[in-house]
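These notes concern the structure reproduced below.
Every read-out reported here was derived from the displayed coordinates using simple, explicitly stated rules and does not represent laboratory data. A quick note: this is a predicted structure, and the numbers were derived from the prediction, not measured. Cβ sites come from the backbone with ideal geometry, for glycine too, and all protein chains shown count toward neighbours.
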Amino acid sequence: MQIVPTKEQINSWIRNFVPEQDLFFLEENDLGIFEEYLSEVLVVPVEEFFNHSFYKQIQFINSYMYWTISSKVKYVLVAQPGWISNLPRQKKKDLLDRQINLGTGLIFPLSIFSSTEHMPKEYIVYGNEDMNENIKKYIGDKKEEFVVIRNDVWNNLPYTMKVNAITAYAQIWDDWTVHDFPPQTPNHIVKYGNKFTTLAGSNCLAATLFAITGKDWIINEWVHPETFLNGLHRANYCVTNDNIRKGDVVTWVDKDHVVKHASYHINNNLFFNKNGQTYFEPWKIIGFEQLNELWSGYKINVYRKSY
């Protein structure tokens, strides 16, 4: 079956997904092209940007998809909403074209919009040979047209258009297909299972620690691998070589033994799972076959509670 977010959740996504500060990512030689327009923005070297406590907030990370951004980026322009609207049309288009080529987030396939009537033409860009490879698996390929979303254009779209667009974009991340709860699912998992959140950051490791501890506050944390392993240890979970049983934790690890994903086995090969750290990805009940297919490139470790 398929689940859908509530109206309140969608409204929260619409309000929060596009940050108030506009970010534009540039290569070394790009600064000269926009030099006469930079007095009203902050020009931040990329090393300072990624170490800046404000821009390391999870919503910036998710919206701009830092993990897909090209290593060619040397500067980040931090601009107030509306700055880009005042650029000459060709400069505006040049700047937006660079965003798709450098693999930044907030780029939507044009096909998810019901109309282009309210969409400024310069915000519509074309995939090309320079399009960043990392971003293709999230938004499409170079044969498509895309819209580079920033605060001004997003806020000026009609409400119904934003609802349709954010819902369609969210389903690029997760198809929202779930299983029913297996018999004897713990009550704390039923409380959150097959539901969406309005908070960015909650990830698979937090969901798994929540499942084994029952502590509600943990489910909304952004948990990192070492913290997760510490949590398993303190909950008396140890690696086992047995087949997966009810109540086990399954992890998928890379060649350096870093945990890339984790999930909690409820029973009958059904898991309590969250695929990522965005609010587009629900806490859901998923079968092992589908789960393992998503993470097939990694080694499985199984943890079991030692009583």
Work out the FRET efficiency for Ser114 and Ile3 from their Cβ-Cβ distance, taking R0 = 22 Å, and round it to the nearest 0.05. 0.45
Suppose we flag GluC sites (Glu not before Pro) only when DSSP calls them loop and at most 12 other Cβ atoms lie within 10 Å. Which is the longest uninterrupted stretch of the chain? 130-307
Pairwise FRET efficiency - Thr240 versus Asn155, Cβ, R0 = 35 Å, nearest 0.05: 0.10
Footprinting proxy, Thr213, Thr160: sorted fewest to most Cβ within 10 Å, the residues are Thr160, Thr213
Separation in nanometres of the label points that stand 7 Å from Cα toward Cβ, at Asn267 and Glu35: 7.1
Among Lys72/Lys143; Lys92/Lys121; Lys7/Lys121, the pairs whose Cα-Cα distance exceeds 18 Å are Lys72/Lys143; Lys7/Lys121
Considering Cα pairs under 8 angstrom that are at least six residues apart, work out the relative contact order of the chain and quote it in whole percent. 17
If the elastic network links every pair of Cα atoms under 10 Å, which of Lys72, Lys93, Lys255 fluctuates the most in the Gaussian network model of the chain? Lys255
Counting other beta carbons within 10 Å of each residue's own, what order do Lys56, Lys260, Lys162 fall into, fewest first? Lys56, Lys260, Lys162
Pop out the ³J(HN,Hα) list for the stretch 283-299 in order, Karplus 6.51 cos²θ - 1.76 cosθ + 1.60 with θ = phi - 60°, rounded to Hz; leave Gly and Pro as x. 6, 8, 8, 9, x, 4, 4, 5, 4, 5, 5, 5, 10, 5, x, 10, 7
Going Cα to Cα from Lys215, which lysines come in below 21 Å? Please leave out same-chain ones fewer than 8 positions away. Lys191, Lys195, Lys246, Lys274, Lys284, Lys305
What ³J(HN,Hα) values, in whole Hz, does the Karplus curve 6.51 cos²θ - 1.76 cosθ + 1.60 give for the stretch 55-68 when θ = phi - 60°, with x put for Gly and Pro? 7, 8, 5, 4, 5, 4, 4, 5, 5, 8, 6, 3, 6, 9
Per residue and in cubic angstrom, what volume does the convex hull of the Cα atoms of the chain have? 144
Cα-based Kirkwood hydrodynamic radius, the stretch 7-173, one decimal, Å: 16.1
For the residues Val258, Val250, what sequence is obtained by ranking on other C-beta atoms within 10 Å, fewest first? Val258, Val250
